[in-house]
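Below is one structure, written out as structure tokens, with a few remarks after it.
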Amino acid sequence: MSAECSSYLNADKVLVSGFSCPRVGGDARAVYCCGFQDVKYCCDDPHSFFPYEHSYMWWLSVGALVGLSIAAVVLFAFIITVCVLCYLFISTKPRSKLDTGLSFQMA
């Protein structure tokens with residue numbers, strides 16, 4: 001089984017001639033033509049979209065996890081602060097009207 005990758009213009013607008021997969025001297029399992037209009041390569045998975053190793057995704061995931069964790073802590077601290085301030089506002093409110101010192105007398 002083999003696939004033909006047609007010629008294409010890469011990101012630098014240089015014409016790359018077509019080739020067949022698997023390439024000579026390449027991985028014998030890479031029998032599919034993968035990639036986009038500006039980058040094509042031979043791969044072993046017909047649903048592969050990127051010619052990169054997937055290890056970089058781990059660091060992106062760790063970075064996103066750290067960022068989301070920090071955002072969650074900040075949001076949690078904000079909610080706790082609002083709850084504490086609301087409680088203090090309600091609990092320190094006078095229960096009855098202040099005594100003005102004047103008494104009402106019936107005439």
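Inspect the stretch 18-35 for any residue being exposed (fewer than 12 other Cβ atoms within 10 Å of the Cβ), among the polar types (S, T, N, Q) and in contact with a strand residue (DSSP E or B) (Cβ under 9 Å, 6 or more places away or on another chain) and give the result as yes or no. No, the conditions are met nowhere in the stretch 18-35.
Among the residues of the stretch 1-47, write down those that are of a type in the set (S, T, N, Q) and touching an Asp or Glu at 6+ places or on another chain (Cβ under 9 Å). Hits for the stretch 1-47 are N10, S20.
Give the stretch 1-17 a look and list any residue that's among the β-branched types (V, I, T) and exposed (fewer than 12 other Cβ atoms within 10 Å of the Cβ), or say none.
The one that is among the β-branched types (V, I, T) and exposed (fewer than 12 other Cβ atoms within 10 Å of the Cβ): V14.
None of the figures in this text is laboratory data; all of them are computed from the coordinates on show. This structure is a prediction, so every number in the text was calculated from the model and none was measured. Using ideal geometry, Cβ is built from the backbone for each residue, glycine included, and neighbour counts are taken over all protein chains shown.
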